[in-house]
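**Q** Before I ask anything, here is the structure I am working with.
Since every read-out is calculated from the coordinates, none of them should be taken as a lab result. Nothing here was measured: the structure is a model prediction, and the numbers come from that model. In this analysis, Cβ positions are derived from the backbone assuming ideal geometry, glycine residues included, and neighbour counts consider all displayed protein chains.
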Amino acid sequence: MEITYDSKADVLNITLKKGKVAKTIELVPEIVLDMDKDGKPLYLEIIGAKEKIGKKATSEVLMRNLVLAEG
């Protein structure tokens, strides 16, 4: 799993599994799930992440991901 954050666009992207996107579903406004041809989740995108999960939480999620990636 990989978590990235685009601060200019305020978008949090979570890569669950890399693959070719066959279908995109909007779960709720501004939260999108991309799935492969078998219906397995690949990518989750949260638009307006600071508003939805909070500015502090966005930073903490990214810091935890960086620590895990290095360790």
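**Q** Which residue pairs have Cβ atoms closer than 6 Å, lie 6 or more positions apart in sequence or on different chains, and pair a first residue in region 1-18 that is within 11 Å of Glu45 (Cβ to Cβ) with a second residue that is among the aromatic types (Phe, Trp, Tyr)?
**A** Short answer, once both residue conditions are applied: Leu12/Tyr5; Thr15/Tyr43.
**Q** In addition: If I ask for residues that are out of contact with any Gly (no Cβ under 7 Å at 6 or more places or on another chain) and either part of a loop (DSSP other than H, G, I, E, B) or polar (S, T, N, Q) (or both), which ones from region 1-13 would you list?
**A** Correct list: Met1, Thr4, Ser7, Lys8, Ala9, Asn13.
**Q** Of the residues that sit in region 14-59 and are assigned to a helix (DSSP H, G or I) and hydroxyl-bearing (Ser, Thr, Tyr), which one is surrounded by the fewest Cβ atoms within 10 Å (Cβ to Cβ)?
**A** Ser59
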